[in-house]
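J.: To start, I am sharing the structure in question, which I have written as structure tokens.
The values are calculated or read from the model by the stated rules, or taken from the named source; none is laboratory data. On a predicted model such as this, the values are computed, not experimentally measured, just so you know. When the accessible area is computed, the model is the full protein with side chains, heavy atoms only, and any ligands, DNA or RNA have been set aside. Shrake-Rupley method; radii C 1.70, N 1.55, O 1.52, S 1.80 Å.
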Amino acid sequence: MFACLHAPGNLPLLLECAHQFSPLVEETSPDTVVLDIDGLEPLWGSTEEIAKALMQRNGVGASVAIAGNPDAAIHAARGIAGVTVIPIGREAGVLAPLPLNLLGGSASPETAETLDLWGIRTFGELAALPPLGVAARLGDEGVHLQRLARGEADRLLRVPGEALIFEEALELDYPLELLEPLSFLLARMLNDLCGKLAARSLATHEIRLRLDLENAAPHTATLRLPVPIRDAKAFLKLLQLELSDRPPGGPVLKVALALEPVKPRVQQHGLFIPVAPEPEKLELTLARIAGIVGAENVGIAERMDSHRPDSFRIQRFVAQRSEKSPAAVLPAETHLAFLALRRLRPSLHAQVLVQDGRPVQISSAPARGRVLACAGPWRTSGEWWLPNAWNRDEWDIALSDGGLYRVYRDRDAARWFIEGYYD
Amino acid sequence: MATSAAALRSHISSTLGLRWDPAFGVDRRPVQESLPTGIQSIDELTGGLPRGGLTEIFGAASTGRTTVMLSLLAQATSREEFCAVIDTTGAFDPESAECAGVRLPQILWIRCGGNAEHALKATDLLVQAGGFGLIVMDLADTPPQQARRISLASWFRLRHAVEKTATALVAIAQNVNAASCSTLQLNLRQTQVLWSGKLLKGLRAEADSRKHYRVRSAAFSAGR
């Protein structure tokens, strides 16, 4: 059920009155507000009693109407002074005597003129017209107007969304120097914020921490998560790892935390889909590993669109199967596998003895011996316009130590290098 | 003593009823699932690498260890599984991996800068995190004396951590390190380098399955 309050020129008072009854309030026009009164019976009594309470509390003599849909309530409030309660199913009868000009902005000037020419003056007259004829002559707009006139047009309230801010700040009585007491504060703040997120059925994919320091610039940290999470313990552990990795440069005077709200992750698991790492656990694990080996050494290898040898970049690892990824096609069992190269990064300088233009002896730390067979040279070069251009002759060589190496001669530097070995 | 223990067990079983019997029974291990390597001869030899177990692939340089590793990764990623490569010396070549059919977005690559201890810690954390179909600890270029510093207790802990999971844990090295902690050991040997005229065509190798005192061999080839 919906209640409408109508009083010209008193919108703030109408809104204040409506919010005393329900949080779902639509600001329909400068003189009209509508509120959802479903579920108010235990507090205010029957529908009639709610209507009376609204009448008493608005304080500006507004007309009050209650109906099964917002538009019927609006039209009744605008057309009938005092209190009107329309039982469900009787909307058409109550609205019938109301003048058609109450439809206001719902009807375009052309349609209003047409109805006027037809001699239609009241809601009841419009409601009585044959629906097929109205649809044929006035289209969708006519059908909608007829439904309004019959009190049948149902819709949801247009409730303005309030800004969702999930931030907390805490000024400290005395500066904190250790991370452990700071962790207690962070845990409390994160619990509160995650509770607020849970109340809104939201999660977050970004945590921003700001620490105001004594005699130093503020320390900020931003954690971006690959998937939305709402786990205060996981957030706390991530912040602890971040702070132990990059501690603040002085005693902390103020702590401010902000979470970026997003819709939670919804994922349908399948019975026959292999398990994947849990995002919360994986984030913590990756943060811990990054703390050991460095964040730049953890991730996915993404090959660059370049002919430069060994060109790749490390991207963030996300254990999420792409819906666009090709369907699982198992590679056929084979007798001939692809011969892999193991790279030496950076390539190692080698002493190479050359006879008749071919390497015959190699001496370096990882490889030393006589060249039993070799294939090459394959000349590659590129990006000559850049300072790190490459220009080399590559060879595949089999050494007397049993190793199968890829070596190259840098033509600009006139030096030999071992790029890696086949394994 | 043994007779009295058996009698006691029988008495307790009969007193408590059949529903308590499993508590006194032998803990039978479930049938192990396996992950095929994608190389026919090795799969026929081993039946695939065991999930929930530790497999050691060892051998000298240019014996096909990395080739087997990439073939395994290709098999696992084509099954939509996520895999991790803990690369002690940073030798993993994304280009080779892609050519071998590995789906790189499903591979977590961790470079440890030559530090075997870091590699062990990272492996431990990943095994505990769970959810990976295949975890490869690549110690292939780590000097044997450094790899041997990883204690048997560490290997046992790793094996125990993956035991009841669907993760296949694979260690690649120059020599055996986990010894009795590994479920399967594959020793690779290069038998021939294949040349086609003046071009390197590939290599031929042999894999020995060494576990339970039975050594069986299979030959395979790797080419380009």
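J.: Identify which of B:R79, B:R148, B:R157 has the largest mean-square fluctuation in a Gaussian network model of chain B, with springs joining Cα atoms closer than 10 Å.
T.: Judging by the Gaussian network model, the answer is B:R79.
J.: At a 1.4 Å probe radius, which order do A:M1, A:M55 fall into by accessible area, largest first?
T.: The ordering from most to least exposed comes out as A:M55, A:M1.
J.: Next question. In the Gaussian network model of chain B, springs joining C-alpha atoms below 10 Å, which of B:G59, B:G197, B:G130 carries the largest mean-square fluctuation?
T.: With Cα springs under 10 Å in chain B, the top fluctuation among B:G59, B:G197, B:G130 is at B:G197.
J.: Now a separate question. Probe 1.4 Å, all protein chains in place: accessible area of B:C112 in Å², nearest 10?
T.: 10 Å²
J.: Here's something else I'd like to know. Using a 1.4 Å probe on the protein heavy atoms, what percent of the accessible area of region A:31-79 belongs to carbon and sulfur?
T.: 45 percent
J.: Further, regarding this structure: Relative contact order of region B:76-151: what whole-number percent is it, with Cα pairs under 8 angstrom and at least 6 residues apart?
T.: Contact order relative to length: 42 percent.
J.: Taking a 1.4 Å probe, which of A:K233, A:K281 shows the most accessible area, and what order do the others take after it?
T.: Correct descending sequence by accessible area is A:K233, A:K281.
J.: Calculate log10 I(q)/I(0) of region A:341-422 for q = 0.11, 0.27 Å⁻¹, where I(q) comes from the Debye formula with a single equal point scatterer on each Cα and nothing for solvent.
T.: -0.26, -1.46
J.: Considering chain A as a Gaussian network with a 10 Å cut-off on Cα pairs, which listed residue, A:P226, A:P248, A:P366, attains the greatest mean-square fluctuation?
T.: A:P366
J.: Between A:V25 and residues 5 or more places away or on another chain, which pairs have amide H atoms under 5 Å apart, with H built 1.01 Å from N, and which residues are they?
T.: none
J.: Mind grabbing the accessible area of A:H144 for me, 1.4 Å probe, Å², rounded to tens?
T.: Per-residue accessible area (A:H144): approximately 80 Å².
J.: Another question, then. Where a Cα-Cα gap under 29 Å defines reach, which lysines qualify for A:K237, not counting those fewer than 8 residues away within the same chain?
T.: A:K196, A:K254, A:K263, A:K281, B:K121, B:K164
J.: If you take the alpha carbon radius of gyration of region B:79-132 and divide it by 2.2 N^0.38 Å, what ratio comes out, to two decimals?
T.: This ratio for region B:79-132 stands at 1.17.
J.: Leaving ligands, DNA and RNA out of it, work out the accessible area of A:L103 with a 1.4 Å probe and give it in Å² to the nearest 10.
T.: 10 Å²
J.: Can you check how the C-alpha radius of gyration of chain B compares to 2.2 N^0.38 Å, as a plain ratio?
T.: Rg over 2.2 N^0.38 Å, computed on Cα atoms: 1.19.
J.: Rank A:H19, A:H307, A:H205 by accessible area, highest first, at a 1.4 Å probe radius?
T.: A:H307, A:H19, A:H205
J.: How far is helix A:109-118 tilted off the main Cα axis of chain A, in degrees rounded to 10, range 0 to 90?
T.: 30 degrees
J.: Provide the per-residue ³J(HN,Hα) series for region B:49-62, in order, calculated from phi with Karplus coefficients 6.51, -1.76, 1.60 and θ = phi - 60°, each as a whole number of Hz, with x at glycine and proline positions.
T.: 7, x, 7, x, x, 10, 10, 9, 10, 9, x, 6, 5, 6
J.: Using the Karplus curve 6.51 cos²θ - 1.76 cosθ + 1.60 with θ = phi - 60°, work out ³J(HN,Hα) for each residue of region A:9-14 in order, rounded to whole Hz, and write x for Gly and Pro.
T.: Working through the residues one at a time gives x, 10, 4, x, 5, 4 Hz.
J.: Follow-up. Which whole-Hz couplings ³J(HN,Hα) result when phi for each residue of region A:290-303 is put into the Karplus expression 6.51 cos²θ - 1.76 cosθ + 1.60, θ = phi - 60°, listed in order with x for Gly and Pro?
T.: 4, x, 8, 9, x, 4, 6, 9, 10, x, 9, 7, 10, 6
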